[in-house]
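One structure is given here, and the rest of the page talks about it.
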Amino acid sequence: MSLEVPLTTALITGITGQDGSYLAEHLLEQGYEVWGLVRGQANPHVSRLRKHIGDVRLVHGDLLDQGSLISAVEKVRPDEVYNLGAISFVPMSWQQAEITAEVTGMGVLRMLEAIRVVSGIGGSRTPGGGQIRFYQASSSEMFGQVRETPQNERTPFHPRSPYGVAKTYGHFITQNYRESYGMFAVSGILFNHESPRRGAEFVTRKISLGVARIRLGLARELRLGNLEARRDWGYAGDYVTAMRLMLAQDTPEDYVIGTGRTQSVRELVELAFSTAGLDWRDHVVGDPGLTRPAEVDLLCGDPKKARDQLGWEPGVSFEELVAMMVESDLALLSRSDRPEDEPLSFDHW
Ligand code: NAP
Ligand code: G4F
């Protein structure tokens, strides 16, 4: 008789993104079997993922295609689904509002439907709600024009971008499937989290790459938008552990994940440049073209519930995060064999 404990199987959408790679690593360390949903017939991000993680199995599918999600869930038969796939860059959501609504908003509904159909959950509330547990990547962007500071699980939403509106739909449809069908479906309301794997269009990585480029004599200036916006910035590697913990609870509930600290983009810039021995005032140029139609001025999360119920705490401080990213990009841009498959600058964002 075999005494082997069956593996927990996870399916991750958005596996080729920043969080997908850290979550896959974390779940593999925890002994999971990990599958990633990838879209497109020759997705260039897959080879980048493979550089970090070899042991992930891949299944094809797209959050725009209901049938592909049903097929993926049928094939993988996951115990847990982590829905990280999204158009996640806020400025893009004004330029492509409809596709953002389809992927970032309706994609959540399609993934929930795939789980419901494959689990055989009927049209009314099913006690137990099937076996597949669902995590939705909700966002502090939903708080938008904040009603209180810090923001917690009860703070009302006032999203300020098409992205924030789409995430708010995803959040409420997740809650609705939990209440309608008894599904174990939860949302993590995550504040900004960053890393050396962050996309180069987001402000932290744009700054760490800009600093490295200036330090190495590859550029002279860095163009930025609103320096007064404040964010609660944490480390992505810390935040993915909270996702797993949320699905390991006895009851499905939503949690805010943040550090409880807030810094302005200006403070981030000062720190990043000084880490490399530079004065930001010699290099940063304000560019009105980079300001947003509607800004989120201040975000600061209250992670008390996550601390009390999940035992979760951030491990990496803002200062350590900035140093990590600047040092990583200095090393990356100093390499003669630096990867050519990764865009490391954007002249239009
Ligand atoms: P990211 O790096 O931008 O990754 C987004 C992922 O979504 C990519 O793997 C992308 O895959 C995938 N994707 C895009 N369109 C898709 C589609 N039609 N079907 C399936 N997958 C698709 O984002 P991240 O920073 O890792 O964030 C992960 C999730 O958390 C996102 O939902 C984001 O909105 C949310 N979130 C992030 C933060 C943060 O600070 N990072 C905070 C709160 C919430 P391709 O390779 O195919 O493009
Ligand atoms: O780094 P950002 O582009 O991130 P943003 O808009 O806060 O969104 C990120 O965090 C959300 C969670 O709160 C996620 F849901 C979302 O998917 C994404 O991961 O911009 C941060 C701040 C903004 O206030 C922006 O106006 O930085 C300001 N900023 C100033 N200059 C800039 C720039 N942002 C970018 N991307 N580029 C600039 O040149």
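Worth a mention:
- GLY225 meets all of the listed conditions (1) within 10 Å of ligand 2 (Cβ to nearest atom); (2) of a type in the set (Gly, Ala, Ser); (3) under 26 Å from VAL46 (Cα atoms) but one, namely (3).
- Unmet requirement for ARG335, which otherwise passes all of (1) out of contact with any strand residue (DSSP E or B) (no Cβ under 6 Å at 6 or more places or on another chain); (2) of a type in the set (Lys, Arg); (3) modelled with pLDDT of 95 or more: (3)
- Filter result for TRP233 (more than 14 Å from ligand 1 (Cβ to nearest atom), in contact with a Phe, Trp or Tyr (Cβ under 7 Å, 6 or more places away or on another chain) and modelled with pLDDT of 95 or more): no
- Flag: GLN41 does not match the condition of being closer than 20 Å to GLN136 by Cα, more than 11 Å from ligand 1 (Cβ to nearest atom) and free of Cβ contacts under 8 Å to residues at least 60 places away in the same chain.
- Filter pass, ILE121 being of a type in the set (A, V, I, L, M), modelled with pLDDT under 95 and either part of a loop (DSSP other than H, G, I, E, B) or within 9 Å of ligand 1 (Cβ to nearest atom) (or both): yes
- Counting only helices (runs of 4 or more DSSP H) wholly contained in segment 28-102, the ones carrying 2 or more residues that are within 16 Å of ligand 2 (Cβ to nearest atom) and crowded, with 18+ Cβ neighbours inside 10 Å occupy 90-95.
- Per this entry, ARG292 is counted among residues that are surrounded by 14 or more Cβ atoms within 10 Å (Cβ to Cβ) and either modelled with pLDDT under 95 or out of contact with any Leu (no Cβ under 7 Å at 6 or more places or on another chain) (or both).
- Here ALA10 passes the criteria (1) out of contact with any Leu (no Cβ under 7 Å at 6 or more places or on another chain); (2) in contact (Cβ under 8 Å) with a residue 60 or more places away in the chain; (3) among the aliphatic types (A, V, I, L, M) except the one numbered (1).
- In summary, GLU4 fulfils each of the numbered conditions (1) free of Cβ contacts under 8 Å to residues at least 40 places away in the same chain; (2) part of a loop (DSSP other than H, G, I, E, B); (3) buried (at least 17 other Cβ atoms within 10 Å of the Cβ) with the single exception of condition (3).
- Scanning segment 136-156 for residues that are more than 10 Å from ligand 1 (Cβ to nearest atom) and touching a Gly at 6+ places or on another chain (Cβ under 7 Å) turns up GLY144, PRO150, GLN151.
- Residue check, ILE207 touching a helix residue (DSSP H, G or I) at 6+ places or on another chain (Cβ under 6 Å), more than 14 Å from ligand 1 (Cβ to nearest atom), on the phi < 0 side of the Ramachandran plot and at pLDDT 95 or above: yes
- Test: residue in segment 109-123 that is buried (at least 21 other Cβ atoms within 10 Å of the Cβ) and within 18 Å of the chain's Cα centre (by Cα): yes
- Residues of segment 179-200 that turn out to be within 9 Å of ligand 1 (Cβ to nearest atom) and surrounded by fewer than 21 Cβ atoms within 10 Å (Cβ to Cβ), as a count: 2
- Count - residues of segment 136-169 that are closer than 22 Å to GLN96 by Cα and more than 13 Å from ligand 2 (Cβ to nearest atom): 2
- Counting the residues of segment 305-339 that are part of a loop (DSSP other than H, G, I, E, B) and closer than 26 Å to ALA229 by Cα gives 5.
The values are calculated or read from the model by the stated rules, or taken from the named source; none is laboratory data. Because the structure is predicted, anything quoted here is derived from the model rather than measured. Cβ atoms come from the backbone with ideal geometry, glycine included; neighbour counts cover every protein chain shown.
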